[in-house]
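J.: I'd like to ask you about the structure that follows.
The values are calculated or read from the model by the stated rules, or taken from the named source; none is laboratory data. Computed from a prediction, not measured in an experiment: that's the story for all the values here. Positions of Cβ are generated from backbone atoms using ideal geometry, with glycine treated the same way; all protein chains shown enter the neighbour counts. Quick note on the areas: whole protein, heavy atoms, side chains included, nothing else; ligands and nucleic acids left out. Shrake-Rupley method; radii C 1.70, N 1.55, O 1.52, S 1.80 Å.
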Amino acid sequence: MASPPPSSPQSKKLKMSTTTNSSGDEAEPIPGCLPAGGSAEPKPRRYKRRKIAIFLAYCGAGYQGMQKNPGARTIESDLEEALFHAGAVPEHDRGNPKRYDWARAARTDKGVSAAGQVVSGRFYIDPPGLVERLNSILSDQIRIFGFKRVTASFNAKKFCDRRRYVYLLPVFALDPNAHPDRESVVASLGSDNELVRCVECSERGRKAVGLFGRQSRALKDSESEGGASVEVDASPELLQNPDLADEGKSEVGEDKEDDTISNQGTDTKMESANEAARSDEMEVPIAEETTKAEEQSAKTEPHVRDGANGATGKFCYGDKEREMFNRILRRYVGTHNFHNFTTRTKAEDPSARRYIISFNADHVVNIEGIEYVKCEVIGQSFMLHQIRKMIGLAVALMRNCAPESLMDIALRQDVSINVPTAPEVGLFLDECLFSSYNQKWKDSHEALTMEAYAEEAEDFKMKYILSHIASMEHKEGAVALWLHSLNHRNYPDFQMKDPNGEHTIVEPEPSQMENSAT
């Protein structure tokens, strides 16, 4: 009797990634979720943990960065707790992320936001609705977009081959004449081009003559002063002591009745000067009052500047400025030693060498009345404060605080210099890229991109991240205040020249030379 022909083997079905799981595989019971059914003691359904990549965004305001830190409020700590309460992590793994293979694609600093962050781990994703449960638990500052199934060996940090960050820099920060440093203010006292307290950011550093909006009061005395106007906006004590300015400064955007400093001593001097003017029957011309709309416009628009040729006009990010700024940023592209652009990393440490793929600033965006230059940088990975320091030095060069040759010096391994750090508020992680992973697993798993969440991510970015950046500039003048620190007193290395220049390069310590040689 002939035996039946052997059955043909079934072809293996490729497992595609999805944001929902319909697998009926049994394993550990998911905690906190009761099975459907009307019986008094239903048999609990058992589920299996799956390796997934979670896509999310967050506003970094009020958080001490992404990475979990005992005693500090971080994005990671809030997210871990939400995963437990949403049923994705069992009780015995709570507070122990290593047990569920936790990994983050990028570690953002304090106050830095993210529009396209990715984390990975082994979680319970059944029953459906994990994304909704997470968002209902988390604060509005953190938004989960979705998740995708990944390979068992996937690690968000190791498999992310590129990170794209964006720094929104106010256009006025690139104007050398906007918000001058304190030394320039003091040096200008008594000169024809005297500088007074900066109205926009409640600091000194704005030119008193020829500005838009409300102008300073002037006292005319044709008999004693020969018709020359006397500036009385700033208190001499305040101008001579920079520390006094910090004690009585007001927020940007605060309504003012005049251009005087909100300081009792200054007000008294102003009243005395006005009384003297009236008693001597001197004319006190006062600038025409501006409307609230004009006043707000004067505070938010890029500053008026007096160029070297004396021409006055609105500073803008034109072709010349764009070409120069991009030329400076392109010097970062490639593999360099960035030990001067971080903290706690020595020059000889291999981790100081980083690869920058691209760095450009081609576009200008307007957010709540303030124009920002969109600085976009893509690199394999970044160190602590690296992007903010790269922006800080580039701004210093644009403002003529230091020669462009300082860029080459800062990237040298055998030189240690102090580089300014731009405020954290303008920086956010735009997207994590997984090009190599997507190419390798394209036939079995869904591509790890933000494409499916682009619209939702853009809405979150506009509502929370960009509005926060503009709010910080309107209310606190985050960048404007920082610009006053860009001077030779705070950064003496700004005067450093290349080997062919006048100044001597700071030589590294002998220990660094030995380590570098080995």
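J.: Name every residue in the stretch 349-386 that is part of a loop (DSSP other than H, G, I, E, B) and touching a residue at least 60 places away in the same chain (Cβ under 8 Å), in order of residue number.
T.: If we filter the stretch 349-386 for residues that are part of a loop (DSSP other than H, G, I, E, B), which is where we start, we get 349, 368-369, 380-385.
Of everything in the stretch 349-386, those that are part of a loop (DSSP other than H, G, I, E, B) and touching a residue at least 60 places away in the same chain (Cβ under 8 Å) turn out to be Glu368, Gly369, Gln380, Ser381, Phe382, Leu384, His385.
J.: Can you tell me which condition Leu79 does not meet? The list is (1) aliphatic (A, V, I, L, M); (2) over 17 Å from Ala152 (Cβ atoms); (3) under 21 Å from the mean Cα position of the chain (by Cα), and all the others hold.
T.: (3)
J.: Given Ala352, Ala361, Ala308, which one is of a type outside the set (Val, Ile, Thr), open to solvent by 40 Å² or more (accessible area, probe 1.4 Å) and either in contact with a helix residue (DSSP H, G or I) (Cβ under 7 Å, 6 or more places away or on another chain) or at pLDDT below 95 (or both)?
T.: On the way: Ala352 fails: open to solvent by 40 Å² or more (accessible area, probe 1.4 Å); Ala361 fails: open to solvent by 40 Å² or more (accessible area, probe 1.4 Å).
Of Ala352, Ala361, Ala308, the one residue that is of a type outside the set (Val, Ile, Thr), open to solvent by 40 Å² or more (accessible area, probe 1.4 Å) and either in contact with a helix residue (DSSP H, G or I) (Cβ under 7 Å, 6 or more places away or on another chain) or at pLDDT below 95 (or both) is Ala308.
J.: For the stretch 334-345, which residues satisfy the criterion of being modelled with pLDDT of 95 or more and either of a type outside the set (S, T, N, Q) or within 21 Å of the chain's Cα centre (by Cα) (or both)?
T.: Gly334, His336, Phe338, His339, Asn340, Phe341, Thr342
J.: From the list Lys314, Lys320, Lys389, Lys346, pick out the single residue that is at negative phi, out of contact with any strand residue (DSSP E or B) (no Cβ under 9 Å at 6 or more places or on another chain) and either exposed (fewer than 12 other Cβ atoms within 10 Å of the Cβ) or free of Cβ contacts under 8 Å to residues at least 24 places away in the same chain (or both). Break it down stepwise before answering.
T.: On the way: Lys314 fails: out of contact with any strand residue (DSSP E or B) (no Cβ under 9 Å at 6 or more places or on another chain); Lys389 fails: either exposed (fewer than 12 other Cβ atoms within 10 Å of the Cβ) or free of Cβ contacts under 8 Å to residues at least 24 places away in the same chain (or both); Lys346 fails: either exposed (fewer than 12 other Cβ atoms within 10 Å of the Cβ) or free of Cβ contacts under 8 Å to residues at least 24 places away in the same chain (or both).
That would be Lys320, the only listed residue that is at negative phi, out of contact with any strand residue (DSSP E or B) (no Cβ under 9 Å at 6 or more places or on another chain) and either exposed (fewer than 12 other Cβ atoms within 10 Å of the Cβ) or free of Cβ contacts under 8 Å to residues at least 24 places away in the same chain (or both).
J.: Could you tell me which numbered condition Gln413 fails, if it satisfies all but one of (1) open to solvent by 50 Å² or more (accessible area, probe 1.4 Å); (2) assigned to a helix (DSSP H, G or I)?
T.: Against the list (1) open to solvent by 50 Å² or more (accessible area, probe 1.4 Å); (2) assigned to a helix (DSSP H, G or I), Gln413 comes up short only on (2).
J.: Please specify each residue of the stretch 116-137 satisfying the condition of being under 12 Å from Tyr47 (Cα atoms) and either open to solvent by less than 30 Å² (accessible area, probe 1.4 Å) or in a helix (DSSP H, G or I) (or both).
T.: Phe123, Tyr124, Ile125, Asp126
J.: So Ala422 ticks every box in (1) within 15 Å of Phe359 (Cβ to Cβ); (2) in a loop (DSSP other than H, G, I, E, B); (3) touching an Asp or Glu at 6+ places or on another chain (Cβ under 8 Å) but one. Which box is left unticked?
T.: For Ala422, the exception is condition (3).
J.: Restrict the check to the stretch 135-157 and report whether at least one residue is closer than 24 Å to Lys389 by Cα and either assigned by the TED database to the domain that holds His385 or in contact (Cβ under 8 Å) with a residue 40 or more places away in the chain (or both).
T.: We begin by selecting, within the stretch 135-157, every residue closer than 24 Å to Lys389 by Cα; these are 157.
Subsequent filtering for residues that are either assigned by the TED database to the domain that holds His385 or in contact (Cβ under 8 Å) with a residue 40 or more places away in the chain (or both) retains 157.
The answer is yes, given that some residue of the stretch 135-157 is closer than 24 Å to Lys389 by Cα and either assigned by the TED database to the domain that holds His385 or in contact (Cβ under 8 Å) with a residue 40 or more places away in the chain (or both).
J.: If you don't mind, another one. From Tyr437, Tyr453, grab the single residue that is more than 21 Å from the chain's Cα centre (by Cα) and either in the same structural domain as Tyr63 (by the TED database) or closer than 20 Å to Cys59 by Cα (or both). Before you say what the answer is, go through the steps one by one.
T.: Numbers: Tyr437 fails: either in the same structural domain as Tyr63 (by the TED database) or closer than 20 Å to Cys59 by Cα (or both).
Selected residue: Tyr453, the only one of Tyr437, Tyr453 that is more than 21 Å from the chain's Cα centre (by Cα) and either in the same structural domain as Tyr63 (by the TED database) or closer than 20 Å to Cys59 by Cα (or both).
J.: For Gly60, indicate whether it is part of a strand (DSSP E or B) and open to solvent by less than 10 Å² (accessible area, probe 1.4 Å).
T.: Details: part of a strand (DSSP E or B): no; open to solvent by less than 10 Å² (accessible area, probe 1.4 Å): yes.
It is false that Gly60 is part of a strand (DSSP E or B) and open to solvent by less than 10 Å² (accessible area, probe 1.4 Å).
J.: Taking only the stretch 75-113 into account, find how many residues are touching a residue at least 24 places away in the same chain (Cβ under 8 Å), charged (D, E, K, R), farther than 21 Å from Tyr63 by Cα and not in a loop (DSSP other than H, G, I, E, B).
T.: Of the residues in that region, 1 qualify.
J.: For Glu424, state whether it is open to solvent by 20 Å² or more (accessible area, probe 1.4 Å) and in contact with a helix residue (DSSP H, G or I) (Cβ under 9 Å, 6 or more places away or on another chain). Walk me through how you get there before you give the answer.
T.: Working: open to solvent by 20 Å² or more (accessible area, probe 1.4 Å): yes; in contact with a helix residue (DSSP H, G or I) (Cβ under 9 Å, 6 or more places away or on another chain): yes.
Here the answer is yes, as Glu424 does meet what is asked.
J.: Taking the condition under 20 Å from Arg104 (Cα atoms) and in a loop (DSSP other than H, G, I, E, B), does Leu429 pass?
T.: Numbers: under 20 Å from Arg104 (Cα atoms): yes; in a loop (DSSP other than H, G, I, E, B): no.
No.
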